[in-house]
1. How many angstrom lie between the Cα centre of the stretch 67-87 and the Cα centre of the stretch 153-181?
2. Under the Karplus relation 6.51 cos²θ - 1.76 cosθ + 1.60, θ = phi - 60°, what is the ordered set of whole-Hz ³J(HN,Hα) values for the stretch 5-11, x standing for Gly and Pro?
3. Using the Karplus equation 6.51 cos²θ - 1.76 cosθ + 1.60 (θ = phi - 60°), what ³J(HN,Hα) coupling, rounded to whole Hz, does each residue of the stretch 83-91 give in order, writing x for Gly and Pro?
4. Taking neighbour Cβ counts within 10 Å as the exposure measure, how do 74, 232, 36 sort from fewest upward?
5. Per DSSP H run of at least 4 residues, take -39500 (n - 2.57); add these up for the chain, divide by its residues and hand me the 222 nm value, nearest 500 deg cm²/dmol.
6. Hey, got the dipole for the stretch 7-248? About the Cα centre, +1 on K and R Cβ, -1 on D and E Cβ, debye to the nearest 20?
7. Using a Gaussian network model of the chain whose springs link C-alpha atoms within less than 10 Å, name the residue from 178, 117, 100 with the highest mean-square fluctuation.
8. Would you order 234, 192 from fewest to most other beta-carbon atoms within 10 Å of each residue's own beta-carbon?
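Please treat every number below as a calculation from the coordinates, not as lab data. What you see is a predicted model; the values in this text were computed from it and never measured. In this analysis, Cβ positions are derived from the backbone assuming ideal geometry, glycine residues included, and neighbour counts consider all displayed protein chains.
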Amino acid sequence: MQSRRPVVLITGGSRGIGAAVAQLAAARGYDVAITFRSEREAAEQIVERCRAAGANAVTCQGDVAVEGDVARLFDEVEAVLGPISHVVNNAGITGKSAKLAEASVEAIRSCIDVNVLGALWVAREAARRLPGSPGDIARSIVNISSVAASLGSPNEYVWYAASKGAIDSLTVGLSKELAPQGVRVNAVSPGMTKTDIHERSTQDAGRLERLRPHIPLNRIGEPEEIAEAVLFLMSDAASYITGANIPVSGGR
């Protein structure tokens, strides 16, 4: 089955922001591929929702931190949906919250492996393939960064903030490399958002509410609000935007 619709590959699309992006993209005329590392059932549920919205949609299992997995993921998507026109570089982890002095080697290394190396492998593969996509379909990469890159996440995830700083640099540099080939590269930097990453990373059940007063809009963001920014950057409405980083953080 070959698709004439724009095709978006979303890494880490089984939950949270990635899942919201997948469903919004399906509703707006994209065919959708989402990758997952271990949560197959959750990924299949998101794909079913995308299909219900009229999209061709597939799941692909793999670990973005493994270079060989990334090329295979792109191959699998293209074999089913056709040439990929958009990539949302979303897969990421934090590790358990701690001060940097108390953080384990394992927590830091796994975060860097996924958030930095994984994002680089995905971006490199996209840079190899998107310029060869049909010229009548807009092509773009949207990297998911974080306002943590500028805030630093002291006492919680300094290493995670550092990993997202790498994403910001990747966005700027790659946007300049790919602009002559008509591929736009941008980023979205979410602030505090209602996803299960908070439950996975800390035992502080009240963390979101504790941080809410520090957000000028005085509320926690929804994944769908992040997805709106991603879809905007993928769309023709953003055709003259590349190298940009949009904070979606309630003003924080």
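1. Between the Cα centres of the stretch 67-87 and the stretch 153-181 lies a distance of 23 Å.
2. 7, x, 10, 10, 9, 10, 7
3. The phi angles translate into x, 7, 9, 9, 10, 10, 8, 10, 4 Hz.
4. Working: 74 22, 232 15, 36 25.
Fewest to most other Cβ atoms nearby, the residues stand as 232, 74, 36.
5. Working: 10 runs with 106 residues, N = 252.
After summing the helix terms and dividing by residue count, I get -12500 deg cm²/dmol.
6. Numbers: 23 positive and 28 negative charges, 87 e Å.
Taking the Cα centre of the stretch 7-248 as origin, the dipole is about 420 debye.
7. Of 178, 117, 100, the most mobile in the Gaussian network model is 100.
8. Values: 234 27, 192 19.
Lowest to highest Cβ neighbour count: 192, 234.
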